[in-house]
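What follows is a set of notes on a single structure, which appears directly below.
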Amino acid sequence: MFKNKKFNIKEFLSENAVPVVFLTLSIIFVYYSGTQPAIIMNDVVARFARNAFFVLSLLFPVLAGMGLNFGIVVGAMAAQIGIYTALALELSGLPAVLLATVVCIPFALLFGFLSGWLNNKTKGQEMLTSMFVGYFAHGVYMLLFLFIIGGIIPINVYELVLPSGVGARSSLDLTQIKGALDSIVKVDLFTFVFILAALSAVITVANTIKNKKLDVTKTVLTVALVVVGVAGNTLPALSMFKRVVKVPVVTYALIGILCAFISMFFKTKLGQDMRAVGMNMEIAEVSGINVNKTRITANMISVVLSAFGQIMFLQNLGTLSTYTAHQNVGMFAGAALLIGGASVTKATVPQALLGTFLFHLLFNVSPLAGQNIFGSALIGEYFRVFIVYGVIALAIVLHAAKKASGKK
Amino acid sequence: MENLKPVLEMVDVKKSYFGNQVLKGVSLKVMPGEIHALCGENGAGKSTLMNILFGMPVIHSTGGFEGEIRMNGEVIDIKTPRDAMKYGIGMVHQEFMLIPGFTIEENVKLNREPLKESILGKFLGEPMKNLNRDEIRKDTQAALDQLGMDMVPADKVAGLPVGYMQFVEIAREIDKRGVKLLVFDEPTAVLTEGEAERLLAAMRALADQGIAILFITHRLDEVMAATQHITIIRDGAFVKYLNTADTNVTEISALMVGREVEVIERAKHHEASNEIVMEIENLEVNMPGEMVKGVNLKVEKGEILGIGGLAGQGKIGIANGIMGLYSATGKVTFEGKEVALNNPKAAINAQIAFVSEDRRGVGLLLDESIAFNIAVPAMQNQGKFLKKYGPISLMDQAAITENANKYIEELDIRCTGPNQNVRRLSGGNQQKVCIAKALTSEPKIIFVSEPTRGIDIGAKRLVLDTLVKLNEEEGMTVVITSSELAELKSVCDRIAIVTEGKVVGVLPASESDAKFGLLMSGITEGMEG
């Protein structure tokens, strides 16, 4: 019946209303911010790199029916424990990042297990639960860093503890690991586009050989990338982009690997179980799927990925606010995912990537745009806070409305 | 037969919910390769017995049960649905156990997906192996073919008509290998006659392969046609084990209800009149699976009008559209005034009442008491059962309870009292609560959709009798939508047949079955005038 469905602009807009609105808003704001687009681009490229993991980590709980996992802050805490350990052992550079990663994994798994277990006790209220898990964990985290560190576990590095010798300093300098991943290979924007084009070409050829049919979409994509790359290297109008925008290749490679992992994951048995559990727990249970275990697994994966995300974030930022760095991680990631057009029950990798991009673009330009439109940077500042909470509230309301109408 | 061991034996099973004993010692014996009917009224304990057999959480969270379950002579312990599956027990549920967002094939293979090697699987083991999509499709197609259903495995379940969903469910059970016992819980309740026949044929084919089938149904002609043995339970107690060959429909129904069942006949019939109480013009309703595509219908004052037709043709959509539950266009006039569409409140305020076919979803607040459920619409829309204290209105509990008690007695709602939650009532009793709810708002016209779907003979009679009584004693106009033509013919004055979203004809109920049959298949030639 629907086979002859044609592309309908009205339908497209209504189905993708949220990203379209935010894209329009972004364009207006970029225009009014009065900043060179290349400079904005460079900042967004960096912000995207340090936040994409968080947003992608939310896909697992969303698809397993637990909504936005605001509890990924516990993953960020695990990462901070890892980073602190690396600092206490006076490591620097890549070894420090690797050690932090190794140390954070068991913590993240444990935290993910516990919060997943709690989620199973409060089915239907996972978003609320995970949010309060974050607040509660913050208290435990404070206890660890204010009292146990230095108080029970002796720390010999002067810069890491308060002058009294008990408790971690509230702001830690991460100069020794700043850019440990980002700076391995950095290329300009259009070289990066060529790298993407090469990758895309390889995939296209592989697909074509495998299916014995030319993969048209991918071919078009490859050609488009090549065109962009060539244009960037030759057109004077784009030379600013070439000079200013630097892409951390390793970080983006890791994000690419994660995306590939996610799309492979949801083709596996466990991924299918997760989707089944997400759509209807009762039916999944009757079919013999271990619902609780599947949900805990989804939660654990999410928390571990967010821990990796926080390590990537901190190595990019170069400072660690010991007591606050983790606080808004869940909220911001959730908002980004929703801006990409996802809902609290359905989300895809492209939505996560698009959302991360749009969210951080807005985040970057809104203070300056506010300054230029309303004469006050504060309004832009308020606006971006409003976006975060507003979009989450809107998504939850829409979800409830959809659920109600779906009952008919 | 004596030397053959039964596949399944349930011995002296007892179960109470919150002090209310619903099973008082039921025994059941199913032989391999037979189709065995389990008959009983709604509320007799069939569903509870099946929940026990399937290890549903509701049993074990309320204190377990007494008695023994044996398979092939060995005592087994079923604590979860997973255990039941392990022992080779499959179930086709009365309420669909399908995930709407998944495709047919994904549902058929849910948690039994064939796997193949993958990169992740090599490192991380079984759960990370990829699904073998080709095999999933092949197996699903084979199961659908076995049922003779022309469905596309890659279609989503969400948009399918109800009757098709049942076949998906059955395809899933057929696809299970190593299954020894299949329970069909009222599989034909939502199927059209043709679909039901195909299902019975599929059941026989399965039984011939040695699979025992436990068949729960209210359609006694199907029991007679398909089964070898019958177990009858009544009010939670074992009544009789019968050989199908040695019995007949009258005996079975008598044993089920414990009294003789007569055919429902009306004392007096409505005289054809020209007084039109409701006029439906060009009504289109966008109800998935039951699309209405331009219905014109006149309802005469004081009649019982039936709306019949095959499942999925749109008959259900008419009442839902008038009541504003699904988006609709067209014109509906009631007592000379136009009723606003897409606005449930407008319909209720016009004193139009509706008993939905979806009693658990639309009809009831499952976790509220019987009394509250009955009172809610009248309270919300007419300000009944409220005590006013200046600007503040409070619920009048005494009046609500009194009203509930009246209907519990009148409609014979079997419950522990007006404060029992409706979730724990059986289907038939829930339906009676729905009707009580509609009556409390004192409507002038009442739409009843599928009033007897999934209801036993005794309750069916009560429900239909109630509707007839309303019509005769209070002159209420009644519009009944039902898939069961015989039922419509027994109570209605006129019957409109809906095919492909349109009324193809309105006939007096006394017309022959053949004429109705022709209308249902869309043949209207020679019917005009």
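The values are calculated or read from the model by the stated rules, or taken from the named source; none is laboratory data. Predicted, not measured: the structure shown is a model, and the values here were computed from it. Cβ sites come from the backbone with ideal geometry, for glycine too, and all protein chains shown count toward neighbours.
Matching residues to (1) modelled with pLDDT of 85 or more; (2) within 9 Å of chain A (Cβ to nearest Cβ); (3) more than 19 Å from B:VAL22 (Cβ to Cβ):
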position	(1), (2), (3)
B:HIS60	no, no, no
B:GLU66	yes, no, no
B:TYR87	yes, no, yes
B:GLU95	no, no, no
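Looking at B:ILE435, B:ILE480, B:ILE495, can you tell me which residue is closer than 17 Å to B:ILE352 by Cα, part of a strand (DSSP E or B) and not assigned by TED's automatic domain parsing to the domain that holds B:THR217?
On the way: B:ILE435 fails: part of a strand (DSSP E or B); B:ILE495 fails: closer than 17 Å to B:ILE352 by Cα.
Just one listed residue meets the conditions, B:ILE480.
Out of the helices (runs of 4 or more DSSP H) lying entirely within the range B:97-151, which hold 1 or more residues that are within 23 Å of A:MET281 (Cα to Cα) and more than 7 Å from every other protein chain (Cβ to nearest Cβ)? Walk me through how you get there before you give the answer.
Working: elements: B:104-108, B:119-124, B:133-147.
Ranges flagged: B:104-108, B:133-147.
Look through A:VAL140, A:VAL205 and report the one residue that is of a type outside the set (Gly, Ala, Ser) and more than 25 Å from the chain's Cα centre (by Cα).
A:VAL205
Restricting to the range B:234-252, count the residues that are assigned to a helix (DSSP H, G or I) and either loosely packed, with under 13 Cβ neighbours inside 10 Å or of a type outside the set (S, T, N, Q) (or both).
Summing the residues that are assigned to a helix (DSSP H, G or I) and either loosely packed, with under 13 Cβ neighbours inside 10 Å or of a type outside the set (S, T, N, Q) (or both) in the range B:234-252 gives 6.
If B:ARG177 satisfies every condition in (1) surrounded by fewer than 22 Cβ atoms within 10 Å (Cβ to Cβ); (2) closer than 30 Å to B:GLU68 by Cβ; (3) within 25 Å of the chain's Cα centre (by Cα) but one, which is the exception?
Status for B:ARG177: all satisfied but (3).
Tell me which of these B:VAL168 doesn't satisfy, since it passes every other one: (1) out of contact with any helix residue (DSSP H, G or I) (no Cβ under 7 Å at 6 or more places or on another chain); (2) within 13 Å of chain A (Cβ to nearest Cβ); (3) buried (at least 21 other Cβ atoms within 10 Å of the Cβ).
(1)
Exactly one of these conditions fails for B:MET91: (1) at pLDDT 85 or above; (2) facing chain A (nearest Cβ under 9 Å); (3) crowded, with 19+ Cβ neighbours inside 10 Å. Give me its number.
With (1) at pLDDT 85 or above; (2) facing chain A (nearest Cβ under 9 Å); (3) crowded, with 19+ Cβ neighbours inside 10 Å applied to B:MET91, the lone miss is (1).
Going through the range B:326-357 one residue at a time, which ones are assigned to a strand (DSSP E or B) and either of a type in the set (Phe, Trp, Tyr) or within 27 Å of the chain's Cα centre (by Cα) (or both)?
Once the filter is applied, which keeps residues that are assigned to a strand (DSSP E or B) and either of a type in the set (Phe, Trp, Tyr) or within 27 Å of the chain's Cα centre (by Cα) (or both), the range B:326-357 yields B:ALA328, B:PHE334, B:ILE352, B:ALA353, B:PHE354, B:VAL355.
Quick test of your reading of the structure: A:VAL103 fulfils all but one of (1) without any contact (Cβ under 8 Å) to a residue 24 or more places away in the chain; (2) assigned to a loop (DSSP other than H, G, I, E, B). Name the failing condition by number.
Failing condition for A:VAL103: (2).
When you scan the range B:177-195, how many residues do you find that are at pLDDT below 80 and not β-branched (Val, Ile, Thr)?
Qualifying residue count, the range B:177-195: 9.
Only one residue in B:MET278, B:MET256 is at pLDDT below 85 and in contact with a strand residue (DSSP E or B) (Cβ under 8 Å, 6 or more places away or on another chain), so which one is that?
Within the list B:MET278, B:MET256, the selection yields B:MET256.
Looking for whichever is surrounded by fewer than 17 Cβ atoms within 10 Å (Cβ to Cβ) and in contact (Cβ under 8 Å) with a residue 60 or more places away in the chain here; the options are A:ILE72, A:ILE83, A:ILE39. Which one fits?
From the options A:ILE72, A:ILE83, A:ILE39, the qualifying one is A:ILE39.
Would you mind stating whether B:LYS46 is within 19 Å of B:HIS229 (Cβ to Cβ) and touching a Pro at 6+ places or on another chain (Cβ under 6 Å)?
no
Working only within the range A:234-276, note down all residues that are away from chain B (no Cβ under 14 Å), charged (D, E, K, R) and assigned to a helix (DSSP H, G or I).
A:LYS242, A:ARG243
State which residue is nearest to A:ARG47 (Cα to Cα) when the search covers only the range A:278-301 and only residues that are β-branched (Val, Ile, Thr) and more than 10 Å from every other protein chain (Cβ to nearest Cβ).
Going through the qualifying residues, I end up with A:ILE301.
Here are A:GLY67, A:GLY34: which of them is surrounded by fewer than 19 Cβ atoms within 10 Å (Cβ to Cβ), touching a residue at least 12 places away in the same chain (Cβ under 8 Å) and either on the phi > 0 side of the Ramachandran plot or touching an Asp or Glu at 6+ places or on another chain (Cβ under 6 Å) (or both)?
Residue meeting the stated conditions: A:GLY34.
Show me the helices (runs of 4 or more DSSP H) found entirely inside the range A:329-408 where at least 3 residues are under 17 Å from A:ASN16 (Cα atoms) and under 15 Å from the mean Cα position of the chain (by Cα). Let's see the steps before the verdict.
Working: elements: A:329-339, A:349-374, A:377-406.
In the range A:329-408, A:329-339, A:349-374 are the helices (runs of 4 or more DSSP H) which contain 3 or more residues that are under 17 Å from A:ASN16 (Cα atoms) and under 15 Å from the mean Cα position of the chain (by Cα).
Name the residues in the range B:202-215 that are surrounded by fewer than 22 Cβ atoms within 10 Å (Cβ to Cβ) and either outside any helix (DSSP H, G or I) or free of Cβ contacts under 8 Å to residues at least 24 places away in the same chain (or both), would you?
Of everything in the range B:202-215, those that are surrounded by fewer than 22 Cβ atoms within 10 Å (Cβ to Cβ) and either outside any helix (DSSP H, G or I) or free of Cβ contacts under 8 Å to residues at least 24 places away in the same chain (or both) turn out to be B:GLN209, B:GLY210.
Which condition from (1) within 14 Å of another protein chain (Cβ to nearest Cβ); (2) closer than 20 Å to B:GLU442 by Cα is the one that B:ASP367 breaks?
Checking B:ASP367 against (1) within 14 Å of another protein chain (Cβ to nearest Cβ); (2) closer than 20 Å to B:GLU442 by Cα, the one that fails is (2).
Among the listed residues A:ILE81, A:ILE177, A:ILE149, A:ILE184, which satisfies the condition of being under 17 Å from A:LEU314 (Cβ atoms) and in a helix (DSSP H, G or I)?
Working: A:ILE177 fails: in a helix (DSSP H, G or I); A:ILE149 fails: under 17 Å from A:LEU314 (Cβ atoms); A:ILE184 fails: in a helix (DSSP H, G or I).
So the residue among A:ILE81, A:ILE177, A:ILE149, A:ILE184 that is under 17 Å from A:LEU314 (Cβ atoms) and in a helix (DSSP H, G or I) is A:ILE81.
Go through the residues of the range B:175-195 one by one and say whether even a single one is in contact with a strand residue (DSSP E or B) (Cβ under 9 Å, 6 or more places away or on another chain), farther than 15 Å from B:LEU98 by Cα, part of a helix (DSSP H, G or I) and outside the structural domain of B:GLY289 (by TED's automatic domain parsing).
no
Report yes if some residue within the range B:386-404 is under 24 Å from the mean Cα position of the chain (by Cα), assigned to a loop (DSSP other than H, G, I, E, B) and not aromatic (Phe, Trp, Tyr); otherwise report no.
no
Any residue in the range A:163-172 that is within 20 Å of A:LEU91 (Cβ to Cβ) and surrounded by fewer than 14 Cβ atoms within 10 Å (Cβ to Cβ)? It would help to see each step written out before you state the result.
At the first step, the residues of the range A:163-172 found to be within 20 Å of A:LEU91 (Cβ to Cβ) are A:168-169, A:171-172.
With the extra rule that they be surrounded by fewer than 14 Cβ atoms within 10 Å (Cβ to Cβ), the set shrinks to A:171.
Yes: the range A:163-172 contains one or more residues that are within 20 Å of A:LEU91 (Cβ to Cβ) and surrounded by fewer than 14 Cβ atoms within 10 Å (Cβ to Cβ).
Which residue, of A:LYS210, A:LYS186, is within 28 Å of the chain's Cα centre (by Cα) and charged (D, E, K, R)?
Exactly one of A:LYS210, A:LYS186 is within 28 Å of the chain's Cα centre (by Cα) and charged (D, E, K, R), namely A:LYS186.
Where residues in the range B:353-387 are among the basic types (Lys, Arg) and buried (at least 17 other Cβ atoms within 10 Å of the Cβ), which of them is farthest from B:SER483 (Cα to Cα)?
The qualifying residue farthest from B:SER483 (Cα to Cα) is B:LYS384.
Tell me, yes or no, whether the range B:295-312 has at least one residue that is over 19 Å from B:ILE445 (Cα atoms) and either in contact with an Asp or Glu (Cβ under 6 Å, 6 or more places away or on another chain) or charged (D, E, K, R) (or both).
No, the range B:295-312 contains no residue that is over 19 Å from B:ILE445 (Cα atoms) and either in contact with an Asp or Glu (Cβ under 6 Å, 6 or more places away or on another chain) or charged (D, E, K, R) (or both).
May I ask you to list the residues in the range A:219-268 that are of a type in the set (D, E, K, R) and under 30 Å from B:ASN111 (Cα atoms)?
Selection gives A:LYS267 alone.
Residue by residue, here is whether (1) outside any strand (DSSP E or B); (2) over 27 Å from B:LYS301 (Cα atoms); (3) touching a Ser or Thr at 6+ places or on another chain (Cβ under 6 Å) holds:
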residue	(1), (2), (3)
B:ILE374	yes, no, yes
B:ILE413	yes, yes, no
B:GLU442	yes, no, no
B:PRO451	yes, no, no
